[in-house]
Amino acid sequence: MLIKAIFRIRDDQRLKVRGDDTHTKMEKLGQTCRHNFTITHNSVDEFKYLANCSYIDGYVRIYNLELDDADTLNSVSFPKLIEISDYLLIYRVLKATTLEKWFPNLRYIRGRRLFFGYALVINGLPEVQRLGFDSLEHIKGAVRIEMVDKLCISRYARDYRTIAKAMFSECCY
């Protein structure tokens, strides 16, 4: 029996994996997750459901996390995630000081469905000093960043340049 798996990867190319090496390649690239993710109310355990996703066919909402341990939030990482088809919402994550490690390889937020017109919303993160999103290439939809009081614009201007460049990039669908 021939096993086939199709993954969304860089520049909308498709990688076809066949035979016995399917599982090892799936572990490296992640998988297509065909549902929305909502992580809320101190449920850090739910982060594990995002860990193996490279493509999320839906939205990601992370909100109302009030953990006492900032190190736990700062160490969260989804290195396999490359693309979100709808929107990314991060709201009221009180102890996090950086989002650098959260989405290090996120390249596309497609904006198929938006959150009140926004593809990326970052709101109510009073301790965050650095956003990250260094790999972000394309966002289809508006971006809203507010109430991130400690975000240093001059020191980490790259955060804004990367996001602005992604908003105005041309991309094939």
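In this simple spin-label approximation, T32 and N52 carry label points 7 Å from Cα along the Cα→Cβ vector, and these lie 1.6 nm apart.
Starting from the Cα-Cα distance between R92 and S75, subtract it from 0.36 nm times their residue separation and give me the gain in nm to one decimal. Write down the numbers at each step before the final one.
Values: separation 17, 0.36 × 17 = 6.12 nm, distance 1.72 nm.
Result for the pair: 4.4 nm of gain on full extension.
Across the options Q129, S77, I145, the greatest Cα extent toward the positive end of the charge dipole of segment 31-165 (unit charges at beta carbon of Lys, Arg, Asp, Glu) belongs to I145.
Taking N as the number of residues in segment 31-165, what is its Cα Rg relative to 2.2 N^0.38 Å?
Numbers: Rg = 13.5 Å, N = 135, 2.2 N^0.38 = 14.2 Å.
Against the compact-globule rule of thumb, the ratio is 0.95.
In this structure segment 31-165 gives 46 Å² per residue of accessible area when probed at 1.4 Å with all protein chains present. For N36, the amide hydrogen comes within under 5 Å of the amide hydrogens of Y59, counting only partners 5 or more places away or on other chains and with H modelled in the peptide plane. The Cβ shell under 10 Å around N123 holds other residues with a net charge of +1, Lys and Arg each +1, Asp and Glu each -1. By accessible area, using a 1.4 Å probe on protein heavy atoms only, segment 31-165 has 48% of its surface on carbon and sulfur.
The values are calculated or read from the model by the stated rules, or taken from the named source; none is laboratory data. Predicted, not measured: the structure shown is a model, and the values here were computed from it. Cβ coordinates were reconstructed from backbone atoms using ideal geometry, including for glycine residues, and neighbour counts include every protein chain displayed. We work out accessible area using only protein heavy atoms, side chains counted, and drop any ligands, DNA or RNA first. Shrake-Rupley method; radii C 1.70, N 1.55, O 1.52, S 1.80 Å.
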